[in-house]
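The values are calculated or read from the model by the stated rules, or taken from the named source; none is laboratory data. Source: prediction; values computed, not measured. Please note: Cβ atoms are built from the backbone with ideal geometry, for glycine as well, and neighbour counts cover all protein chains shown.
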């Protein structure tokens, strides 16, 4: 469902027939141009999408005699359409207003060209209808990589993010991260508007990062590329020291590379997080330090074996 007021304001629409709806029954981001339906072909009609009438559709309707036009429009409005949008500012037919009132289907108008408006609407609905969830954590932009930092309360997520900000990186969200799935492989995070740019630092209180460090220290939203979970160091627990096996976390059906970082006094967490971001970037470009080390070890072992064979031969 899409809030009608948000839909109208975001896309700059003019209400031709106001159905007085609080929400529009739009569940997909695609639209339909019902040219074939107006030509009386009704198979495979995606009526659940917003219906766009552009120059072609409106010109075709104008070419029909009044009785045929009324019959075609009547059949169109008999479907449960979420709304009709007339592009290029073309005037609406009187029959459409009558049918819209009878079926309580809103009609909007835009001055934009049909293709341009369709692209804008799809982009808007993709964002509006994207699957969402909220997570407790911190989202920062480190060397261009969106890093989602999680961990139990008091483990030091905000302090680590603050140190990263001091080192020139950007805060996206603190404490509450709103995550949405843009497609099958892409997540984006941002902060709720009420607490955007604010951080809670224990012992200090609430601070406004943008006011203290400047507008360049914050970012409105960011693609999430890497997940880092912080936990207090546990004696006896085995932690990954080589990074041979890639670990992942799944959020909204999207797999993210995931790291577990143990926290103990004296560890410079901001530097470790910077290294994690740089290492992620190198892996994206096809370089793996583990594979490089393995290949180097194999090459040295082969060389040692060849040198030993040469020594035996010379004896």
*Here are some residues: 76, 139, 99. Which one is under 29 Å from residue 28 (Cβ atoms), assigned by TED's automatic domain parsing to the domain that holds residue 196 and modelled with pLDDT of 95 or more?*
139
*Which of the residues spanning the stretch 27-38 are touching a helix residue (DSSP H, G or I) at 6+ places or on another chain (Cβ under 9 Å) and either closer than 14 Å to residue 118 by Cβ or surrounded by fewer than 13 Cβ atoms within 10 Å (Cβ to Cβ) (or both)?*
28, 29, 30, 31, 33, 34, 35
_the stretch 151-161, residues that are free of Cβ contacts under 8 Å to residues at least 40 places away in the same chain and part of a helix (DSSP H, G or I)_ = 161
*Collect the residues in the stretch 252-282 that are touching a residue at least 24 places away in the same chain (Cβ under 8 Å), in a helix (DSSP H, G or I) and loosely packed, with under 15 Cβ neighbours inside 10 Å, keeping them in residue-number order.*
278
*asked:* Checking the structure you have, find out if any residue of the stretch 173-181 is assigned to a loop (DSSP other than H, G, I, E, B), in contact with a helix residue (DSSP H, G or I) (Cβ under 9 Å, 6 or more places away or on another chain), at pLDDT 90 or above and surrounded by 21 or more Cβ atoms within 10 Å (Cβ to Cβ).
replied: no
*Can you spot a residue in the stretch 37-47 that is under 29 Å from the mean Cα position of the chain (by Cα), in contact (Cβ under 8 Å) with a residue 40 or more places away in the chain and closer than 24 Å to residue 182 by Cα?*
no
*Can you tell me how many residues in the stretch 60-93 are closer than 27 Å to residue 2 by Cα and without any contact (Cβ under 8 Å) to a residue 40 or more places away in the chain?*
14
*How many residues does the stretch 189-247 contain that are in contact with a strand residue (DSSP E or B) (Cβ under 8 Å, 6 or more places away or on another chain), in a helix (DSSP H, G or I) and closer than 16 Å to residue 134 by Cα?*
1
*asked:* Checking residue 98 against (1) in contact with a strand residue (DSSP E or B) (Cβ under 6 Å, 6 or more places away or on another chain); (2) free of Cβ contacts under 8 Å to residues at least 12 places away in the same chain: exactly one of these is not met. Which one?
replied: (1)
*Looking at (1) surrounded by fewer than 19 Cβ atoms within 10 Å (Cβ to Cβ); (2) at pLDDT 95 or above; (3) in the same structural domain as residue 222 (by TED's automatic domain parsing), which is the one condition that is false for residue 184?*
(2)
